[in-house]
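Notes follow once the structure below has been shown.
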2 protein chains.
Amino acid sequence: MAKTSQAAGLHRASLAKLHELDTALELMYYGWRGMTLQADAYLAKQGLSRPHHRILYVVARRPDIAIGALIEILGISKQALNRPLNLLLERKLLTSKRAPEQHRSKLLRLTEAGRRIEQRASDHERQVLREAFARAGASGAAGWIGVMEAIADNN
Amino acid sequence: MAKTSQAAGLHRASLAKLHELDTALELMYYGWRGMTLQADAYLAKQGLSRPHHRILYVVARRPDIAIGALIEILGISKQALNRPLNLLLERKLLTSKRAPEQHRSKLLRLTEAGRRIEQRASDHERQVLREAFARAGASGAAGWIGVMEAIADNN
DNA sequence: CGCCTCATGTCAACTATGTTGACTTGAGAT
DNA sequence: ATCTCAAGTCAACATAGTTGACATGAGGCG
């Protein structure tokens, strides 16, 4: 614990609570930041950022995915995908090959280097979750999952 | 209960899981989106967006906050604060007045209109949380809080 | 009093991530 | 052959953030 700056904790405490659920709301905010902070720092060191990571994450779990399907999953426009995707191809973290007969679509795969970066970035995030689950115990983890599923349904 | 597009659920299911914690990782991602989606849509209708909401949220809970303290809490540079803040002032959602003797700092407050927008936007987020807690029950909620606190500590 | 310092705040230029709209290209159907 | 439509690219723009340079005004001090 406590490779932290203490700042978030202070900030969390520094606001009056106008509603009962304000605490939960702020936990969500700082939780999101807490999970992604180290991963983002790692990615920045590699000259990448969160959108690149999202692409790598999805392709890792769907080898030979076409660009259209990737767009669908990421929920962004194809134009928004274009630049980060091309960077990943240039940097040879991804390869694209035309499909055998379905010549229309490019199929994406991670290279070894891409896989390594995806794993390390995601590991930073999983490590945060792992520690939190360990601290909260099995019943806490189960409760967390139940609530998060309900929240995530609002998409 | 389904004012939703179903899409996120599908996306969540559509990726192979390479690690045990991938599910939790994706829950965090879609949870964050699920909580903010309706609030963002409401804000967009008002010609505002998330940074404006963050400012309103903090000022609501710290009336007469100075700009420096606001910067500290939001964790962004004063230059980044500048444009959204000026928009809020122009639109008369915030007022700023010079401090009595501490003439150096501007003290910020919400106007009635600002308060109304802050409440409605935050209500959208709290409503999502409220429903999720109701579905998960008291023990689930307690577990969620414990885990989120542990995650949020990584800031 | 006049000047120095320093926190507070502003302006300008840049980067990154996203948007929409218009265009190109190529497969598959007729 | 040609038409159509999905896949993909290019251009222009919006927003949210960055850093750097500068303005301003309070308070300390010669």
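Note on the stretch A:123-155: among residues that are within 17 Å of the chain's Cα centre (by Cα) and more than 7 Å from every other protein chain (Cβ to nearest Cβ), the one that is surrounded by the most Cβ atoms within 10 Å (Cβ to Cβ) is A:His124. Restricting attention to the stretch B:49-75, the residues that are of a type outside the set (A, V, I, L, M), touching a Ser or Thr at 6+ places or on another chain (Cβ under 8 Å) and within 12 Å of DNA strand D (Cβ to nearest atom) total 2. Of all the residues in the stretch B:37-55, those that are surrounded by 18 or more Cβ atoms within 10 Å (Cβ to Cβ) and closer than 17 Å to B:Leu94 by Cα number 7. Would you call B:Arg115 facing another protein chain (nearest Cβ under 7 Å) and modelled with pLDDT of 90 or more? Answer is no for this residue. Can you tell me how many residues in the stretch B:34-48 are closer than 30 Å to A:Ile145 by Cβ and within 16 Å of DNA strand D (Cβ to nearest atom)? The qualifying residues number 7.
Going through (1) within 14 Å of DNA strand D (Cβ to nearest atom); (2) free of Cβ contacts under 8 Å to residues at least 12 places away in the same chain one by one, B:Thr23 falls short only on (1). Residues to consider are A:Leu85, A:Leu74; find the one that is over 18 Å from B:Leu27 (Cα atoms) and surrounded by 13 or more Cβ atoms within 10 Å (Cβ to Cβ). None of the others qualify; the one that does is A:Leu85. When the residues of the stretch B:56-68 are filtered to those that are within 11 Å of DNA strand C (Cβ to nearest atom) and crowded, with 16+ Cβ neighbours inside 10 Å, the one that is farthest from the other protein chains (Cβ to nearest Cβ) is B:Ile67.
The values are calculated or read from the model by the stated rules, or taken from the named source; none is laboratory data. From a predicted model like this one, the values you see are computed outputs, not experimental measurements. Every residue, glycine as well, gets a Cβ built from its backbone with ideal geometry; the counts of neighbours run over all protein chains shown.
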